[in-house]
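Below is one structure, written out as structure tokens, with a few remarks after it.
Since every read-out is calculated from the coordinates, none of them should be taken as a lab result. Treat the numbers as computed from the prediction; the structure is a model and nothing was measured. With ideal geometry, Cβ positions are generated from the backbone for all residues, glycine too; neighbour counts draw on all protein chains shown.
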Amino acid sequence: MPTIRKITAHLRLLLAASLIGGLASLAAGCGSDAPPMGNAVTNRDSLPVMVTYGASKLISDSGVIRYKFIAEEWRIYDKTSPQRWEFPKGIFLERYDDKFKVNMHVTADSAWLYDQKLLKLHGHVELDDKAAGTHLTTQELFWNMNTGELWSNVYTRLIEPEQAIEGNWFRATVINKRITRYHVRQSKGFLPMGDIDSPRETPAPAPGDTATVTDTLPPRNAPLSHPKKGK
């Protein structure tokens, strides 16, 4: 007859075999359901730290809210140099005056903001400055929001109440919230020159000026007409 010691040893072997079989089946089941793993990302500057859809944000300048942008997609890259925001599906930007009223808006098909100061706009760029009555259109525009510098190396058209300027190389500066100091190359346009049909007034001589100008050349007689000879 088997002794108690032999029966205990046999039970231990059966329990150990059951545990090993259960662990094996559990490991196999988990391995089949686990999703595939990709390689570790070592250079994270190629991945945005945040992606937002349907974004709307207010931007302050010296503690005062000056801008607001609306974008369908907003990506933030914090590991690039310089850091940048991307708006691959377009942007709508508003600027506010001291009374928080909109005095300018900017639209573009896509945009990039570097270090939150240099804005690059691309594709159907329009800048409408309501305060100054200025409308600018181009395909690419750079705007340094700290210094107020504007520039473009492609065709740009600027319309103001009294003039229109266009060219393939454009530089300007925003001073007191108005676009000034234009520099345009390969340009064409029109400037106000007054009414060219109105008669010009001859300036009156200054008081005390009695000098007269005498023509030193003798008068020239009109040419005489000669009758045509018959055929």
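Modelled this way, with points 7 Å down the Cα-to-C-beta line, the labels at Tyr53 and Thr180 are 4.6 nm from one another. Placing R0 at 45 angstrom, the Cβ-Cβ distance between Asp78 and Ala164 gives a FRET efficiency of 0.60 after rounding to 0.05.
Please tell me which of these pairs span more than 32 angstrom C-alpha to C-alpha: Lys99/Lys120; Lys79/Lys130; Lys79/Lys101?
Checking Cα-Cα distances, Lys79/Lys130; Lys79/Lys101 exceed 32 Å.
Using R₀ = 35 Å, calculate the FRET efficiency as 1/(1 + (r/R₀)^6) where r is the Cβ-Cβ separation of Val154 and Lys99; round to 0.05.
Computed FRET efficiency for Val154 and Lys99 comes out at 0.50.
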